[in-house]
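A.B. asks: I'd like to ask you about the structure that follows.
The values are calculated or read from the model by the stated rules, or taken from the named source; none is laboratory data. Just so you know, these numbers come straight off a predicted model, no measurement behind them. Backbone-built Cβ (ideal geometry, glycine too); neighbour counts: all protein chains shown.
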Amino acid sequence: MPESHRVAMLGTGLIGDFYTMTLHGRRGRDRVEVVYSRSEERGAAFRERWGVPHSTTSVEEAVGHPEVDTVVVGLPNHMHEEAVAAAAAAGKAVLVTKPLARSAAEARRILDTVERAGVFGGYLEDLVYTPKTLKALASTRAGAVGDVLWVRSRETHPGPHSAWFWDAGQAGGGAIVDLGCHCIEIIRSFVGKGNRPVEVMCWADTLVHPIEAEDNAIALIRFESGAVGQFEVSWTFRGGMDLRDEVAGTEGTIWLNHFLRTGFEMFTSGGGGGYVAEKAEVETGWQFPVGDEVAELGYADMFTDMFDAMEQGRQPVETLYDGYVVNAVMDACYRSAASRAWTPVELDWRGGVAPRVARAERTEDGLVVIKEEHLPDGRRKLILKDPASGAFVDRVLG
Ligand SMILES: NC(=O)c1ccc[n+]([C@@H]2O[C@H](COP(=O)([O-])OP(=O)(O)OC[C@H]3O[C@@H](n4cnc5c(N)ncnc54)[C@H](O)[C@@H]3O)[C@@H](O)[C@H]2O)c1
């Protein structure tokens, strides 16, 4: 008989709601037993909203609740380390939302605390678990796109929904830390987690909002295999939330669109009102709702993997070590943006060695085949290179 889990939810904000909606959805057997909020009123409102038995204004009381076996950290970034320490001290499994921390050093301390305590740890990176991504990853691992050469991941929206995100001290940065963390882990999943991120080149700027942190950034991540990751993040994009990924391989291509074009488009002149989807800007006109937001954003498969992993005594797909690697890549991005140069990713690597992307090798009469072309008149043409002279030649067949 599968186990059921009792959760202490730390935080009653947007992610506390999404996580609890996921856990309590579809008659789920895993339940939030106690919720922590600084404010008694918000704790009581959360209890009421989700049918949670207990609330408390003490983190220690929440994590130490005797019924609770799992702590979910859904607090602002600057509170993750303290919350994880409390959960680990209480001997509870701990699942931490993204980003794991504000820096690789902080992430490393979180990882060490959990490993020293010997409790289960998981990194709640939902966008690696969207149903589309899971299927695309399975196809990639089965060889459908050949060797992965380039992965592009984009997350942009008009900016976060709470004050603390905008304060680089509390958040650890701007759009890179908030959104780039998702993109980096999506990219790592496609290029292979055993593929070391070697160096990055990043541009970041504060273009629109009156803040110190970056509200736009683009970065290239070069992996050991030669593959490159590219992320684009923005807090100034208008029109909702744009979540897109592209994978280019030697044998195929994948394009994923998670949010604004999911096949559900609706026009309304008004009247119905209310919530459309996360970061949607308008409630009238053409809209792009999301059918089952917590499932399509990966939360459902993510919690399933976390609890299955706990019961099966294995690591989850997304570990706290993964969260640490993501922070190390983001730290390198900030250093690169400041120096305007390619910058090494500094990290304690556990992933092993990845082979270089394979180059295609085919010859025809001693000449190297570079490409085969199909001409409009039906004939085929080979583009060849003579290895002796270095000359490039066309050869039309048939
Ligand atoms: N897709 C995702 O995985 C995803 C989405 C959104 C947020 N997050 C992450 O979840 C965490 C929380 O973000 P959110 O969107 O829920 O933020 P939020 O502002 O909606 O909620 C934050 C919660 O923490 C509480 N809080 C704020 N400052 C506090 C303090 N000093 N002490 C105690 N409680 C405090 C707030 O009252 C609120 O309940 C962040 O780490 C964020 O990056 C993840």
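A.B. asks: Hey, among V63, V35, V68, which residue is closer than 27 Å to A107 by Cβ and within 11 Å of the ligand (Cβ to nearest atom)?
C.D. replies: On the way: V63 fails: within 11 Å of the ligand (Cβ to nearest atom); V68 fails: within 11 Å of the ligand (Cβ to nearest atom).
Unique residue meeting the criteria: V35.
A.B. asks: So, one more: Of the residues T253, T268, T262, which is of a type in the set (V, I, T), surrounded by fewer than 16 Cβ atoms within 10 Å (Cβ to Cβ) and modelled with pLDDT under 95?
C.D. replies: Every option except T268 fails the conditions.
A.B. asks: Is there any pair with a first residue in the range 204-233 that is more than 24 Å from G249 (Cβ to Cβ) and a second that is surrounded by fewer than 18 Cβ atoms within 10 Å (Cβ to Cβ) and of a type in the set (D, E) whose Cβ atoms are under 9 Å apart and which are 6 or more apart or on different chains, and what are they?
C.D. replies: Filtered contacts from the range 204-233: T206/E212; I211/D167; E212/D167; A213/D167; E214/D205; D215/D205; N216/D205; A217/D205.
A.B. asks: Can you tell me how many residues within the range 342-360 are assigned to a loop (DSSP other than H, G, I, E, B) and within 15 Å of I218 (Cβ to Cβ)? Lay out the reasoning, then the answer.
C.D. replies: Quick first cut of the range 342-360, residues assigned to a loop (DSSP other than H, G, I, E, B) only: 342, 345-360.
With the extra rule that they be within 15 Å of I218 (Cβ to Cβ), the set shrinks to 342.
Final tally of qualifying residues: 1.
A.B. asks: A further question on this structure: What are the pairs with Cβ atoms under 6 angstrom where one residue, in the range 372-385, is outside any strand (DSSP E or B) and the other, located anywhere, is of a type in the set (D, E, K, R)? Sequence gap at least six, or different chains.
C.D. replies: From residues that are outside any strand (DSSP E or B), the pairs are L375/K381.
A.B. asks: Pick from the range 271-288 the residues that are without any contact (Cβ under 8 Å) to a residue 40 or more places away in the chain and among the small types (G, A, S): which of them is surrounded by the most Cβ atoms within 10 Å (Cβ to Cβ)?
C.D. replies: Across the range 271-288, the extreme among qualifying residues is A277.
A.B. asks: Here's another thing I want to ask about it. Taking into account only those residues within the range 1-32 that are in a loop (DSSP other than H, G, I, E, B) and touching a helix residue (DSSP H, G or I) at 6+ places or on another chain (Cβ under 6 Å), which is nearest to the ligand (Cβ to nearest atom)? Spell out the reasoning first.
C.D. replies: Just the residues of the range 1-32 that are in a loop (DSSP other than H, G, I, E, B), to begin with: 1-5, 11-13, 28-30.
So of that shortlist, the ones also touching a helix residue (DSSP H, G or I) at 6+ places or on another chain (Cβ under 6 Å) come out as 3, 5, 12, 30.
Numbers: E3: 24, H5: 19, T12: 4, D30: 18 Å.
If we take residues in the range 1-32 being in a loop (DSSP other than H, G, I, E, B) and touching a helix residue (DSSP H, G or I) at 6+ places or on another chain (Cβ under 6 Å), then T12 is nearest to the ligand (Cβ to nearest atom).
A.B. asks: Return the residue satisfying two criteria in turn: it lies in the range 162-219 and is touching a helix residue (DSSP H, G or I) at 6+ places or on another chain (Cβ under 7 Å) and among the aromatic types (F, W, Y), and of such residues it is farthest from the ligand (Cβ to nearest atom).
C.D. replies: Selected residue: W203.
A.B. asks: Oh, and also: If I filter the range 91-133 down to residues being aromatic (F, W, Y) and within 18 Å of the chain's Cα centre (by Cα), which single residue comes out as farthest from D348 (Cα to Cα)?
C.D. replies: Filtering the range 91-133 for residues that are aromatic (F, W, Y) and within 18 Å of the chain's Cα centre (by Cα), the one farthest from D348 (Cα to Cα) comes out as Y129.
A.B. asks: Does V68 count as over 30 Å from A175 (Cβ atoms), at pLDDT 95 or above and either assigned by TED's automatic domain parsing to the domain that holds V329 or not in a helix (DSSP H, G or I) (or both)?
C.D. replies: yes
A.B. asks: While we're looking at this one, here's another question. Is there a residue in the range 116-136 that is within 28 Å of D30 (Cβ to Cβ), touching a strand residue (DSSP E or B) at 6+ places or on another chain (Cβ under 7 Å) and either part of a loop (DSSP other than H, G, I, E, B) or without any contact (Cβ under 8 Å) to a residue 24 or more places away in the chain (or both)?
C.D. replies: Yes, the range 116-136 contains at least one residue that is within 28 Å of D30 (Cβ to Cβ), touching a strand residue (DSSP E or B) at 6+ places or on another chain (Cβ under 7 Å) and either part of a loop (DSSP other than H, G, I, E, B) or without any contact (Cβ under 8 Å) to a residue 24 or more places away in the chain (or both).
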